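These notes concern the structure reproduced below.
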Amino acid sequence: MSVVFKKFDIVLVVVICLSAGLLLGPRIIGAVRGPAPTPEVFEHVSFAEGQAAARASGKPLFVFVTAEWCGPCQAMKRGSLTDARVTGLLAEGYERVVLEETTSRDQIAPLGVRAFPTTLIYGPDGGLRAKAEGVVPAGELAELLETHGGGG
């Protein structure tokens with residue numbers, strides 16, 4: 001019986017270690033690599049400025065909510081948000097704002113953000129069109145932009 005318990009204990013330890021790695025891996029990698037630079041496609045420095053630009057241009061507003069300590073946020077800034085298709089859709093069809101948790105807490109709180117990263121799309125009228133929590137892969141993000149852009 002003790003052999004069975006030892007095998008079970010080993011399996012349990014392996015499962016716990018793998019689970020911890022999956023949960024903490026992105027944060028550890030993000031901390032080691034450091035914060036990613038804000039992708040160049042983002043042009044507005046505040047939510048209010050982005051809303052005003054969206055009203056004036058008639059384009060929807062894309063808001064990316066991030067945190068320096070968030071590994072998945074940094075991965076998205078290095079990946080999905082630098083994808084050529086995504087940046088093209090953003091540049092042509094959206095006003096764009098990035099809100100960083102340490103410098104924009106007062107702007108983030110009223111948006112109902114519960115997780116980092118969070119992606120929000122507002123219509124030019126200010127109505128929320130889409131909300132995605134967590135990492136959105138480039139292909140899915142491009143589809144989201146195509147669905148909710150322009151008159152969507």
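All of the numbers you see were taken from the coordinates with simple rules; none came from a lab. Only a predicted model underlies this, so the values are computations on that prediction, with no experimental measurement involved. All Cβ positions, even for glycine, are placed from backbone atoms using ideal geometry, and neighbour counts span all protein chains on display.
Using bins of 5 Å that start at zero, the share of Cα-Cα pairs per bin across the stretch 47-148 amounts to 2, 14, 26, 26, 21, 10, 1, in whole %.
Taken along its principal axes, the alpha carbon cloud of the stretch 64-116 reaches lengths of 30, 23, 17 Å, longest axis first.
Here is the list for the stretch 47-121: trypsin sites (Lys or Arg not before Pro) lying in DSSP coil, each with at most 16 other C-beta atoms within 10 angstrom of its C-beta, are 114. Remark: the stretch 116-132, residue by residue, has Karplus-estimated 3J(HN,Hα) of 10, x, 10, 10, 10, 10, 10, x, x, 7, x, x, 6, 9, 7, 9, 10 Hz, where x stands for each Gly or Pro and the curve is 6.51 cos²θ - 1.76 cosθ + 1.60 at θ = phi - 60°. Amide H to amide H, with H built 1.01 Å from N, residue 136 comes under 5 Å of no residue 5 or more places away or on another chain.
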